[in-house]
Amino acid sequence: MYTSNLLIILLGGLATASPLRVRQQTNDSNYKVIIDSNALAQALKTIMPTSDSCAGAPGPADDCRTAEQAAPFIANSSEGLGPGELAGTLALMGVESGDLKYKHNVFPGRPGQGTAGMLMPNFVAEYAASVLGAQAVAGLSPAAVLDLVTVDEHNFGSVRWFLDAKCDDGVKAALRTGSDDGFRAYMGCVGVNADDPARLAYWNRAKAALGL
């Protein structure tokens, strides 16, 4: 049945406060998942408990962003993700950025490693080329390339980019289920220990925030 109006409805099974919505665009078989940045900011504060403030942030002066500051950029880069994918990417971002307080690697201090996903320098270069073009990064040092993508517009998109560009369809399908096995598959793609208690804590908070 066709309609000329855009219909916003809750994604089935999610709590009322969920940042995820489904927009019916042209007919009843054409849906697009969108993300409300205000609701996302509240979810971020559940997933990343210290993201409500940058007061006393331990990292470089300009690295920290609050949940409210980051939410519009995360919402934009995450549009179209389902709840399982969003939970996984936010859990990863929370661990890697220290609740949005770091976008440069401080421990051990590896030049060129960073973004909200704390990508290694080779992945930072690939990400930068994907959003800015190969010519923009040609001949630059790893640190200079990182500077190109730590602006808010690009910083928070690095986690979504890695999922899209580096994880195979099986991993994406598993994560889409929102299951613990799906998260483990995703962490395997990232190359980290899925049973790390810190990572599991972020994952469990993300599931709770998104009603999984």
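The values are calculated or read from the model by the stated rules, or taken from the named source; none is laboratory data. Note that the structure is predicted; figures quoted are calculated from it, not measured. Glycine also receives a Cβ, built like all others from the backbone with ideal geometry; neighbour counts cover every protein chain displayed.
Between Arg184, Arg160, Arg176, which is within 27 Å of Asp52 (Cα to Cα) and at pLDDT 95 or above?
Answer to the check: Arg160.
State which residue pairs qualify: first residue on the phi > 0 side of the Ramachandran plot and inside segment 41-69, second residue assigned to a loop (DSSP other than H, G, I, E, B) in any location, beta carbons under 6 Å apart, and separation of 6 or more residues or different chains.
none
Anything in segment 55-74 that is crowded, with 18+ Cβ neighbours inside 10 Å, out of contact with any His (no Cβ under 9 Å at 6 or more places or on another chain) and either at pLDDT 95 or above or more than 19 Å from Gly117 (Cα to Cα) (or both)? List them, or say none.
Cys64, Arg65, Thr66, Ala67, Ala70, Ala71, Ile74
I'm checking my understanding of the structure. Among residues of segment 86-122 that are assigned to a helix (DSSP H, G or I) and of a type in the set (Ser, Thr, Tyr), which one is surrounded by the fewest Cβ atoms within 10 Å (Cβ to Cβ)?
The extreme case among them is Thr89.
Which pairs turn up if I take residues in segment 170-189 that are more than 12 Å from Thr89 (Cα to Cα) and look for partners that are among the hydroxyl-bearing types (Ser, Thr, Tyr) and in a helix (DSSP H, G or I) with beta carbon separation below 8 Å, at least 6 apart in sequence or on another chain?
Pairs found: Val171/Tyr186; Ala174/Tyr186.
If a residue must be over 9 Å from the mean Cα position of the chain (by Cα) and closer than 15 Å to Ala41 by Cα, how many such residues does segment 65-82 contain?
11
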